[in-house]
1. In whole angstrom, how far apart do the alpha carbon centroids of the range 16-58 and the range 171-229 sit?
2. How would you rank 339-350, 56-67, 74-85, highest first, on the average number of other Cβ atoms within 10 Å across their residues?
3. Provide the packing ranking of 319-327, 269-277, 21-29, 172-180, i.e. peptides ordered by the mean count of other C-beta atoms within 10 Å per residue, highest first.
4. Determine the alpha carbon to alpha carbon distance for each of LYS10/LYS88; LYS323/LYS425; LYS10/LYS58 and list only those over 26 Å.
5. According to a simple spin-label model (label point 7 Å from Cα along Cα-to-Cβ), what is the distance in nm between ASN282 and ALA380?
6. Check which residues have an amide H placed less than 5 Å from ASP130's amide H, if you skip close sequence neighbours.
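What follows draws every value from the coordinates through simple rules; no lab data is involved. Since this is a predicted model, take the numbers as computed values, not measurements. Backbone-built Cβ (ideal geometry, glycine too); neighbour counts: all protein chains shown.
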Amino acid sequence: TQLSRHNIIKTWQHTVDDFVGLGAQVFFPGLRAHDVPHLATRVIQLVLLKAALLLGVKVTLGECVVGVAPPGAGSDGMWQAAVLPVDKAKAHWASAKGCDVPGLDDPYADGHGGVQPSSFKPTSKSSKVDYYEAAESQDGAIHRNPSTSIPGSQLLPFGTLIDCTGESSRLVRTLGFDRRLVRMGTAIGLVVNALFAGEPGERSIPEVRSSAARGDWRDTAAGRLGKEGIDLENIEYMRDPHASTHFVVATVKRETLQKHGLFLDPTRPSVGKLVAADNVDNEALRRLARRLLLAVGVPVNAPFARHNPVHLFDFSARGHLTKHGRVLRPEGAERGQEALFIPAGDALHNPFWPQGLGVNTGIHTGLNAVWAAHCWAAGATADAALAELTMGHTAATWIAKPTLSTPAAAWTADPTSRMWRDIFKDIAVADAGGARGRRRVTERAQDLLQLPTRQQPSAG
C-alpha cells in the first residue's frame, strides 16, 4: 500500500494547530505551521498513521470492509465486520452490484471528486436543484451467514464502525442511508501534480490563489491565462516541500476544454460522462496542464508526478446523507449487543473544494463520530450516542473560522470543546421548542444551557 496522493488541501489555522498537537512538526520538521494554512494529503495520512501506531492502534492496510454480520456463534454477542483484501473486495462488489468498489482506485474520491448528476436516479425532486437519492437497500450489507455470502472474509468484532471511505461508500448505500443532492451549474476541476525540477528558487515560488471574482484578476495567473484563451473561474498553486511536489487545481470552463481538444466525444450528454477517463485525450490534457504550471511559475522542466499526474473531475453537484448514523440491532431469535454504524468525512458530506471546507469539516465529523463511540462505550444508550452525534453535526453546519474554539490544543472529541459554545445553547433552545419552550428540554439540552458562555474568538 502506497500513500501516493499529492493533493494539497486548504485548511484553517485551527486544523493545522491540531495536527501540530499530534506531532506533525516532529514527523515533518520543516512543516510551516503558521504560514498560509494548508496540508498535503500525504502529510495528513502519515501524521494520523504515525500517531495511531504510537498509541498502540492496530492498523491493517490493503483490506476493505464489505459487510457486517449480526451477533452469532463465537462473536461474544458482538456485531462483526466482514473484511476482504482489496482485490477480492472489488470482485465481491462487482458480483453483488455490477460495479467496482468506489474510492479504492480513484485517487480523487476523498476530496476532489464530485457526485455526478447524470449518474443518480432521484426518487423525488424538491426543486430545480434538489434531488433525493434513495439508498440501494436497508440491509443489503448485513450478512447473517458471511461464510457463505462472503467466502474467505475475516470477521472482526466491533461496537462502533466508522465509515470514512468517501462519498461513494458502498456500505452507506446498502445500509439504508438516503442522500440529498444539490445540483449546481457546470463545474469542472483540473488537478495537476508535478515534481520539483531542482531549479534554484523553486521552493520559494509564491503560492497562488487567483479568482475571476477578484477585481484585480486580470493581473493574476487566471487573467494571464485568459488572454491566452484559457478561461478559468479560479486557480490555486501550492507545493509540498516534504514530497518535493507542485500542486495546481483550477476550475476550467467547459468551452476551454473543448477548444483545446480534450474531449474525444464532446457531444456526451452529461458533464460526468464528458470528463470520464475514456473520453479524454491525455496528451491534450497534459499540454493544457503544462500551461497552467508555467502560468504560476513552475519551471518548464518540472516532470509530471508518476502517480496521478493530471486529472479532470466533475463537481457540478454535491450531496449529504439525510441521517448521521444507524443503530444496528439483532433481530428475531438473534441475541447480542447493539452496535453503531457512523459515516464520517466525505462519506457523510461531499466537500465543495473552492470553499476550502472539506478537510476542516471532515476532521470535525470524524471527531464527532469518535465522541459518539465514546459515549456509547461509556454506558450511554445507542440512541443517546446518536443524539450526541447529531448535536455535533448540527453545530458543524455553522462552522466558519470564528466559530471554532481556540486554541486547538484544548480540543477533545467532545464537540463543545471545539466550537463556540453559544451555538450549542442555541441548539438546546431549538430542541426545547424555541424561546417559548413548548417541548420538554432534554437532559443533554439542560447541560448545554448551563455551559459557561465563551466569547466568540477573533478571526485572526
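1. One Cα centre to the other: 24 Å.
2. Values: 339-350: 24.9, 56-67: 14.0, 74-85: 17.8.
Per-residue mean Cβ counts within 10 Å order the peptides as 339-350, 74-85, 56-67.
3. Details: 319-327: 18.9, 269-277: 17.3, 21-29: 15.6, 172-180: 20.8.
Packing order, densest peptide first, comes out as 172-180, 319-327, 269-277, 21-29.
4. Numbers: LYS10/LYS88 35 Å; LYS323/LYS425 22 Å; LYS10/LYS58 29 Å.
Pairs exceeding the cut-off: LYS10/LYS88; LYS10/LYS58.
5. 4.9
6. Distant-sequence amide H within range of ASP130: ARG183.
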